[in-house]
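Some notes on the structure that comes next.
The values are calculated or read from the model by the stated rules, or taken from the named source; none is laboratory data. Everything quoted here is computed from the prediction, not taken from an experiment. FYI the Cβ positions are ideal-geometry reconstructions off the backbone, even for glycines, and counts take in every protein chain you see. Each accessible area value is taken on the protein alone, full model and side chains, heavy atoms only, with ligands, DNA and RNA left out. Shrake-Rupley method; radii C 1.70, N 1.55, O 1.52, S 1.80 Å.
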Amino acid sequence: MLLDGTDASAVERAAQMLADGELVAIPTETVYGLAARADDDAAVARIFEAKGRPADHPLIVHVAEPDGALQFASDMPAVARRLADAFWPGPLTLILPRAAGMAEAAAARQNTIGVRCPSHPVARAVLAAAHRLGVPGAAAPSANRFGRISPTQATHVIDEFGDGLAVLDGGACDVGIESSIVDCSRGHPVLLRPGVLTQVQLEFAAGEPLLAADADAPRAPGTLAAHYAPNATLRLMSQQMLTSALQVLGDVPLKLAVYSRSVPLSAAKGVRHRRMPLKPDQAAHELFSVLRELDAEGAQLIWVEEPPAEPEWDGVRDRLLRAAAA
Ligand code: TXA
Ligand code: MG
């Protein structure tokens, strides 16, 4: 069931559902989230059930205002404060030490909590309205079934879960890939998941280098190798490899789609070509919806040209590598 995110009464209704412990899909600037009140373990359990997500994979809590993080965190380390000041509201999740007894199920009982203050006006409106009804924050993973592509449009969410779920429609998500995640709970900040904020931007605001995730980094399903997978088999190739593969391609027995910045010289007959944007932000914005469209067209193979080896492309490259690993 679609609810119009620009309609104040629909936003109120969604907030009331959250307050009542029900699930509502909400738009954010990154991707759509499947939300439940974070302080209600039974409500949060419904998220895990609907997604088919293992119960030991923690969720991100979304708050209406940056200060709302302090409801869930026992402490805001200085580096977290600097990052929040620079990027909240926005596409950044901070892992913080968790306030005792708060959001046990959302945190998958770890002693840390992921918190994000999103910038999407509809997300902020529904979180603020729910807050007025006593909801301190909403736990919300991406609104897709476990291991599948994150939804960037309200209709994608309906495609994942059916029309029985209430989906607050806030249009197509601006950013298009999930938030950057920085762990600030372990002394030195660690980049657990790249997003559209570049490492340089994050380090500049943090005032110190971000370490790379290592073996004892906390569990993050978004960091499993195989994730964000379309139905089609996806392969990443250099431009050169792609060009020669297309040249030697005879009759394609499978439905093949190519997603590349360059236009293949001799796109074989019957091969579907989609042009990848030259700008990383635009590529991120459309990435998941392009993969969904190619799936819907029945593509069995998707050959994708590797993004440029530049830090601005880290988020897009990360998602493509995971889709290719599936
Ligand atoms: O942009 C986003 O972050 C979207 C929107 C809806 O906000 N949400 C999202 O949620 O991508 P999800 O559940 O699909 O991915 C959350 C990631 C997972 O990799 C999870 O393991 C990690 O955040 N995470 C959450 N809490 C954590 C914690 N306490 N410690 C380490 N990682 C955590
Ligand atoms: Mg996800």
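Among the residues making up segment 116-143, those that are in contact with a Pro (Cβ under 7 Å, 6 or more places away or on another chain) and either part of a helix (DSSP H, G or I) or on the phi > 0 side of the Ramachandran plot (or both) are VAL122, ALA123, ARG124.
Test VAL175 against the criterion of being more than 10 Å from ligand 1 (Cβ to nearest atom) and either open to solvent by less than 60 Å² (accessible area, probe 1.4 Å) or at pLDDT 95 or above (or both), and give yes or no. When the stated conditions are applied, VAL175 does not pass them.
Residues checked against (1) more than 20 Å from LEU191 (Cα to Cα); (2) in contact with a helix residue (DSSP H, G or I) (Cβ under 9 Å, 6 or more places away or on another chain); (3) open to solvent by 30 Å² or more (accessible area, probe 1.4 Å):
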{"position": "ALA284", "(1), (2), (3)": "no, yes, no"}
{"position": "SER289", "(1), (2), (3)": "yes, yes, no"}
{"position": "LEU301", "(1), (2), (3)": "yes, no, yes"}
{"position": "VAL304", "(1), (2), (3)": "yes, yes, no"}
{"position": "PRO307", "(1), (2), (3)": "yes, yes, no"}
{"position": "TRP313", "(1), (2), (3)": "no, yes, no"}
{"position": "LEU321", "(1), (2), (3)": "no, no, yes"}
{"position": "ALA326", "(1), (2), (3)": "yes, no, yes"}
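In segment 48-70, the residues that are in contact (Cβ under 8 Å) with a residue 60 or more places away in the chain form Cβ pairs under 7 Å with partners that are away from ligand 2 (no atom under 15 Å from the Cβ) and not hydrophobic (A, V, I, L, M, F, W, C), at six or more places apart or across chains, as follows: PRO58/GLN110; VAL61/GLY137; HIS62/GLY137; VAL63/GLY137; ALA64/ARG124; ALA64/HIS131; GLY68/PRO136; GLY68/GLY137.
Residue pairs whose Cβ atoms lie under 7 Å apart, separated by 6 or more positions or on different chains, with the first residue in segment 277-291 and at pLDDT 95 or above and part of a helix (DSSP H, G or I) and the second open to solvent by 10 Å² or more (accessible area, probe 1.4 Å) and among the charged types (D, E, K, R), are PRO280/GLU312; HIS285/ASP174; VAL290/ARG274. For segment 148-164, state whether one or more residues are over 26 Å from ASP40 (Cβ atoms), hydrophobic (A, V, I, L, M, F, W, C), near ligand 1 (Cβ under 10 Å from one of its atoms) and touching a Leu at 6+ places or on another chain (Cβ under 8 Å). Within segment 148-164, none of the residues are over 26 Å from ASP40 (Cβ atoms), hydrophobic (A, V, I, L, M, F, W, C), near ligand 1 (Cβ under 10 Å from one of its atoms) and touching a Leu at 6+ places or on another chain (Cβ under 8 Å). Checked against (1) open to solvent by 50 Å² or more (accessible area, probe 1.4 Å); (2) over 30 Å from ALA325 (Cα atoms); (3) within 16 Å of ligand 2 (Cβ to nearest atom), ARG145 passes all but a single condition, namely (2).
For segment 234-265, the tally of residues that are in a strand (DSSP E or B) and open to solvent by 20 Å² or more (accessible area, probe 1.4 Å) stands at 2.
Would you pick out the residues in segment 155-172 that are away from ligand 2 (no atom under 13 Å from the Cβ), surrounded by 23 or more Cβ atoms within 10 Å (Cβ to Cβ) and over 28 Å from THR198 (Cβ atoms)? Matches in segment 155-172: VAL167, LEU168. Is one or more of the residues making up segment 38-49 surrounded by 17 or more Cβ atoms within 10 Å (Cβ to Cβ) and of a type in the set (Lys, Arg)? The answer is no; no qualifying residue exists.
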